[in-house]
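Peer 1: First the structure, then my questions, so here it is.
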Amino acid sequence: MVGYSLGSFQPTFKLPDRTKHLHEACEMDGRGDALEPAFQTLFPEPLVDWGARITS
Amino acid sequence: MKKVGFISLGCPKNLVDSEVMMGLLQQNGYTLTPQAEEADVLVVNTCSFIESARQESIDTIIEMAELKKSGKAQRLIVAGCMVERYRAEIQSEIPEVDALVGLNELERILGAVTPRGSSPLLPVLPADFFDSTPTAPYLYDHLTPRLLATPKYSAYIKIAEGCDLPCTFCIIPTFRGKFRSRRFESVIAEAERLAASGVREITLIGQTTTSYGEDLGLKDGLAQLLERLAAVEGLSWVRTLYCYPNRVTPRLLETIAAHPRLCKYIDMPLQHASAAVLKRMKRGGSGDIFLKLLERIRATIPGVSLRTTFIVGFPGETESDFETLCDFVREAKFDWLGTFPYSDEDRSQSHQLDAKVPAAVIRQRQRTLMALQKPISRARRRAMLGQRLPILIEGPATESDLLWQGRLASQAPDIDGKVLLTEFPDDQPLAAGSFGTVEITGAQDYDLVGRVVENS
């Protein structure tokens, strides 16, 4: 990644994170499920092959 | 000057109430802090529309009451829905609470933070306050100060307050009063002010946004409002949440279809698809009627993203009713779907209904419905693979600084999925809050993966 600017990212006032429960009662399963595929794009080769270490 | 710590629970409508109270405090010289431990005064803006929200509110009040004993805080103020519902109980059961601010008393937050005179508690309104008041008094306007708690590029605008619809499961009208719209020009003025301050995305909210303007004598008020908002300089995306199905008019759909700045997105809680259950909910309609409506929406707004929510386990919901709902979900193919397990609120009309569904059955039906939606969601996401779409770049991903995240027009803030961004053009520095073009390279059930191909 190249340069970036966080200038307009933060809210004027950031409420505590606990505020973010908003829709958990009804949200669809799977929030955050693209994290692993996204990392696989960034790091096609595993940094540490934990599976191999365990079995060897 | 005193430092005020604020905790806001519940939906975006409650968040806007918090923003108004925080704006009033800031305007009057108070400093706000997200660190409860640093605060001289703690405010908890509560939510109580279902059991789980109520429990969370109570837990938070008690936690803050403990902090008042052990920490710096000298005053604890409780605001929001819980106050309307349990005003007397909070006063008697939690003596650490120094003041209560109801939904129609937001401006009294100033007096609650720094009381005048000897009485630390605001007067208790009579229990029949709302029953005897045809129109509840408070609704903010464009002149009301608001301290936005959303990222600088995005803001909610509450266009109306209260609700006149008779849904038997819902107790919110008893808190928030009868439906009343904000003045048309007040909403426009607020949108213009927000846009001038750097907001690029506006999300319209209210108990039911599609009723907007009915009390002002406007026909198709929401469509008229959206048309004007689409012309506000500086705004890139305008979307609306909480549409009521029988008020989704052809003009509303045509308006959304016609203006590039209006997100091709409809959030329309249907609550159920069985005619028998919908009748007991006092909502009307049926799966067939809803399917025809969805067909009309998709025909008028090509590529529209549809979100809905359902209540499972409503009193009297039989296995057959639930099967009807499942069949409907299979056929409707929503982009986003949420389910609420029925919560038996003692002040709701449905509390009086017979044939309550056991809690275990409700949980099972919720799991079944979500499992049924999962492959539909996956297919909707996978159909986007390879597409190049406009994206709002939000900033570093919540889960990892190694990734950034953004949202498509088909993803509303907080409630829908997001796009994790893995790659950017070398010569175009990223800026949070800017728009770009993303190519979708990965698709899961909920979130997407993409690479930015252009960053404006």
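The values are calculated or read from the model by the stated rules, or taken from the named source; none is laboratory data. Not measured: the values here are computed from a predicted model. In this analysis, Cβ positions are derived from the backbone assuming ideal geometry, glycine residues included, and neighbour counts consider all displayed protein chains.
Peer 1: What do you reckon, is B:VAL277 modelled with pLDDT of 95 or more, within 23 Å of the chain's Cα centre (by Cα) and over 27 Å from B:ARG407 (Cα atoms)?
Peer 2: Details: modelled with pLDDT of 95 or more: yes; within 23 Å of the chain's Cα centre (by Cα): no; over 27 Å from B:ARG407 (Cα atoms): yes.
So B:VAL277 does not fit the description; no.
Peer 1: Kindly check whether there is at least one residue in the stretch B:311-325 that is among the hydrophobic types (A, V, I, L, M, F, W, C), surrounded by fewer than 21 Cβ atoms within 10 Å (Cβ to Cβ) and in a helix (DSSP H, G or I). Walk me through how you get there before you give the answer.
Peer 2: Of the residues in the stretch B:311-325, the ones among the hydrophobic types (A, V, I, L, M, F, W, C) are B:311-312, B:314, B:322, B:325.
After this cut, where a residue has to be surrounded by fewer than 21 Cβ atoms within 10 Å (Cβ to Cβ) as well, the list is none.
No.
Peer 1: Still on this structure, I have one more. B:LYS282 is checked against (1) surrounded by fewer than 21 Cβ atoms within 10 Å (Cβ to Cβ); (2) over 23 Å from the mean Cα position of the chain (by Cα); (3) outside any helix (DSSP H, G or I) and fails just one. What number does that condition carry?
Peer 2: Checking B:LYS282 against (1) surrounded by fewer than 21 Cβ atoms within 10 Å (Cβ to Cβ); (2) over 23 Å from the mean Cα position of the chain (by Cα); (3) outside any helix (DSSP H, G or I), the one that fails is (2).
Peer 1: Which of the following residues is assigned to a helix (DSSP H, G or I) and crowded, with 22+ Cβ neighbours inside 10 Å: B:LEU337, B:LEU252, B:LEU293? Talk me through it step by step, then tell me what you get.
Peer 2: Details: B:LEU337 fails: assigned to a helix (DSSP H, G or I); B:LEU293 fails: crowded, with 22+ Cβ neighbours inside 10 Å.
Residue meeting the stated conditions: B:LEU252.
Per-residue answers, yes or no, for (1) among the polar types (S, T, N, Q); (2) touching a residue at least 60 places away in the same chain (Cβ under 8 Å):
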{"residue": "B:ASP335", "(1), (2)": "no, yes"}
{"residue": "B:ASP354", "(1), (2)": "no, no"}
{"residue": "B:GLN364", "(1), (2)": "yes, no"}
{"residue": "B:ARG367", "(1), (2)": "no, no"}
{"residue": "B:GLN373", "(1), (2)": "yes, no"}
{"residue": "B:ASP426", "(1), (2)": "no, no"}
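Peer 1: Scan the stretch B:161-201 residue by residue and report those that are at pLDDT 95 or above and in a strand (DSSP E or B).
Peer 2: Across the stretch B:161-201, the qualifying residues are B:SER181, B:GLU201.
Peer 1: Same structure, new question: Among residues belonging to the stretch B:79-107 that are in contact with a Pro (Cβ under 8 Å, 6 or more places away or on another chain) and closer than 25 Å to B:GLU161 by Cβ, point out the one that is surrounded by the fewest Cβ atoms within 10 Å (Cβ to Cβ).
Peer 2: Restricting attention to the stretch B:79-107, the residues satisfying the condition of being in contact with a Pro (Cβ under 8 Å, 6 or more places away or on another chain) are B:98-99, B:104.
Then keep just the ones that are closer than 25 Å to B:GLU161 by Cβ; that gives B:99, B:104.
Working: B:ALA99: 23, B:ASN104: 21.
Once the filter is applied, the top-ranked residue is B:ASN104.
Peer 1: Here is a follow-up. When you look at B:ILE188, is it surrounded by 22 or more Cβ atoms within 10 Å (Cβ to Cβ) and β-branched (Val, Ile, Thr), yes or no? Don't jump to the end; show me each part of the working.
Peer 2: Details: surrounded by 22 or more Cβ atoms within 10 Å (Cβ to Cβ): no; β-branched (Val, Ile, Thr): yes.
Spelling it out, it is not the case that B:ILE188 is surrounded by 22 or more Cβ atoms within 10 Å (Cβ to Cβ) and β-branched (Val, Ile, Thr).
Peer 1: So, one more: Taking strands (runs of 3 or more DSSP E) that do not extend beyond the stretch B:1-101, which have at least 2 residues that are touching a residue at least 60 places away in the same chain (Cβ under 8 Å) and over 23 Å from B:LYS158 (Cα atoms)? Before the answer, list the steps.
Peer 2: Working: elements: B:3-8, B:31-33, B:41-46, B:75-80, B:99-101.
Because the criterion is at least 2 residues that are touching a residue at least 60 places away in the same chain (Cβ under 8 Å) and over 23 Å from B:LYS158 (Cα atoms), the strands (runs of 3 or more DSSP E) in the stretch B:1-101 that meet it are B:3-8.
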